[in-house]
Amino acid sequence: MKKDNKKVIYWLLTGCVLIFAMVVIGGITRLTHSGLSISNYKLISGTLPPMNDAQWLEAFNLYKQYPEYQKLNTHFSLQDFKDIYFWEWLHRFIGRMIGLVFFIPFLYFLLKKQLTAPTLKKSIILMALGAFQGFLGWYMVKSGLVDNPDVSHYRLAAHLITAFLTFAYTLWVALDLIFPNKSKTHQSFRNLIRTGLSILILQIVYGAFVAGLDAGFIHNHWPMMSEGKFMHKTVYIEQSPILKNFIEGKSGVQFVHRMLAYIVVIYVFIIWFRSKRINLTTYQSKGISALLIIVAVQFLLGVFTILLQVPLWLGIAHQIGAFFLLTAMTFTLHRFSK
């Protein structure tokens, strides 16, 4: 039986779609403040939501024992609780589905010997990334159940970027199978895209910092911050020492996110401009064109998200834009690497 066949490719691409859905639902969960509604983790019995009034009351009473209810949501009715419970339950449910979709076909392909040695090694890495992602989700939620009714923005960033990287790696493995033949590479141009990918990953981390600190609800102006300042004074006075402002201060984190947005846009234009000097294949050209279009749309989404004070739909659209931009960058890098 042929190894690394189309079924393996479809399996990997299905995983990509599910991870995308997971990130989108995770963004909704964050923006609706639903992430701490389920304060325990039951791998099997937690698959289904409460099915009757008694189970709902039990879940609600458990929620009441934790800081989010005690400090922020004492006014919540049972219906209010059900509304936020739904998003966190759906987020965890998709996570479970991803685990099954990755593991069961992997076991099948392994037993049927349909994976080559390189693909087998990459698949094991994918399994490890998925397990680590699940652990980070639990670790993140745990940080909001102690004193402060909000999760650590560091843990949120780790949880989010691991999801993005798991997606990128899954896509990369699929692309290895879709394009099995190696061709001549442009090493200097490949390194240029690698640097662009690194900057984009840093920008996604700072996007998670902004989300985790609710930093998008301040300085809702563009291109300047509040009071017509390019760098508002709160950027460097909220935290001490000064450098702490840029990883824990709301104004500082938003400022870095703004600056990185400009850098990402400029860098993509540099990639596009430099690409004019070399002969491109069809897929290389399409990858760079996609980068150019998506980065422009993503930049506009970021501007309007700030100006309109992070409405739910725009916040989600901005996160989806980051996902598509990472997809385009990964695809383009692959086309210049293999």
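Tabulated results
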{"item": "From the options Leu120, Leu129, residue that is under 22 Å from Leu175 (Cβ atoms), in contact (Cβ under 8 Å) with a residue 40 or more places away in the chain, touching a Leu at 6+ places or on another chain (Cβ under 9 Å) and in a helix (DSSP H, G or I)", "result": "Leu129"}
{"item": "Residue match in the range 23-30 (condition: over 30 Å from Gln114 (Cβ atoms), aliphatic (A, V, I, L, M), open to solvent by less than 40 Å² (accessible area, probe 1.4 Å) and not in a helix (DSSP H, G or I))", "result": "no"}
{"item": "Subset tally (residues that are open to solvent by 20 Å² or more (accessible area, probe 1.4 Å), β-branched (Val, Ile, Thr) and in a helix (DSSP H, G or I)) for the range 211-235", "result": "1"}
{"item": "Number of positions in the range 181-210 that are open to solvent by 70 Å² or more (accessible area, probe 1.4 Å), under 27 Å from the mean Cα position of the chain (by Cα) and basic (Lys, Arg)", "result": "1"}
{"item": "Positions within the range 60-82 being surrounded by 14 or more Cβ atoms within 10 Å (Cβ to Cβ), over 22 Å from Tyr139 (Cβ atoms) and free of Cβ contacts under 8 Å to residues at least 40 places away in the same chain, in sequence order", "result": "Phe60, Lys64, Asn73, Phe76, Lys82"}
{"item": "The lone exception for Ile94 - which of (1) open to solvent by 30 Å² or more (accessible area, probe 1.4 Å); (2) closer than 30 Å to Pro311 by Cβ it fails", "result": "(1)"}
{"item": "Residue count for the range 282-309, restricted to those that are over 21 Å from Leu260 (Cβ atoms) and open to solvent by 40 Å² or more (accessible area, probe 1.4 Å)", "result": "5"}
{"item": "Unique residue being surrounded by 14 or more Cβ atoms within 10 Å (Cβ to Cβ), modelled with pLDDT of 90 or more and either part of a helix (DSSP H, G or I) or not basic (Lys, Arg) (or both) when the list is Leu100, Leu57, Leu18", "result": "Leu18"}
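Rundown of residues vs (1) among the hydroxyl-bearing types (Ser, Thr, Tyr); (2) modelled with pLDDT of 95 or more; (3) part of a loop (DSSP other than H, G, I, E, B); (4) out of contact with any strand residue (DSSP E or B) (no Cβ under 7 Å at 6 or more places or on another chain), yes/no style:
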{"site": "Ile237", "(1), (2), (3), (4)": "no, no, yes, yes"}
{"site": "Tyr267", "(1), (2), (3), (4)": "yes, yes, no, yes"}
{"site": "Ile271", "(1), (2), (3), (4)": "no, yes, no, yes"}
{"site": "Leu291", "(1), (2), (3), (4)": "no, yes, no, yes"}
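The values are calculated or read from the model by the stated rules, or taken from the named source; none is laboratory data. Because the structure is a prediction, the values reported are computed rather than measured. Glycine also receives a Cβ, built like all others from the backbone with ideal geometry; neighbour counts cover every protein chain displayed. Heavy atoms of the whole protein, side chains included, go into the accessibility calculation; ligands, DNA and RNA do not. Shrake-Rupley method; radii C 1.70, N 1.55, O 1.52, S 1.80 Å.
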